[in-house]
1. Between Pro36, Pro57, Pro76, which gets the highest mean-square fluctuation from a Gaussian network model of the chain, Cα cutoff 10 Å?
2. What angle, in degrees between 0 and 90 and rounded to the nearest 10, separates the Cα long axis of helix 38-47 from the longest principal axis of the Cα atoms of the chain?
3. Of the candidates Ser71, Ser31, Ser20, which one comes out as most mobile in a Gaussian network treatment of the chain with C-alpha springs shorter than 10 Å?
4. Evaluate Rg over Rh across the chain, taking Cα atoms for both radii and Kirkwood's formula for Rh.
5. Net charge within 12 Å of Asp50 by Cβ-Cβ distance, Lys/Arg positive one each and Asp/Glu negative one each, not counting Asp50 itself?
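Every read-out reported here was derived from the displayed coordinates using simple, explicitly stated rules and does not represent laboratory data. Computed from a predicted model, the values in this text were never measured in an experiment. Neighbour counts are summed over all protein chains in view; Cβ atoms, including those assigned to glycine, are modelled from backbone coordinates with ideal geometry.
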Amino acid sequence: MNLKGYVQRWEEKDGAQGRSLEYCFTSNPDSAATWPDREEADLDCRFVFDRQNIRIPSAWGGYHICSDFNSEERRPGEFVVFCEAPFIRQS
């Protein structure tokens with residue numbers, strides 16, 4: 001079963017293979033990163049998140065590449081970005 005994971009934050013990391021981005025997700029939209037309007041959030045969904053090959057540990061074993069990012073309005077003037085994937089439930 002896929003769960004909704006909201007983009008919470010991201011940061012650049014230096015590693016043996018160069019620089020990479022690390023993404024953190026949350027199941028709580030209230031603690032997700034926000035965008036000021038839907039257009040900006042939707043552009044980031046298509047041209048940033050969908051193109052990053054964001055890999056997460058899968059609840060089904062192995063890894064899953066996140067795709068099909070979408071946005072939704074959390075409150076007036078606040079939009080959040082999410083995808084549905086086999087996230088591992090955190091207790």
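1. Taking springs between Cα atoms under 10 Å, the residue moving most is Pro76.
2. Compared with the principal axis, the helix lies near 20 degrees.
3. It is Ser20.
4. Ratio of gyration radius to Kirkwood radius: 0.97.
5. Every neighbour counted, the sum reads -1.
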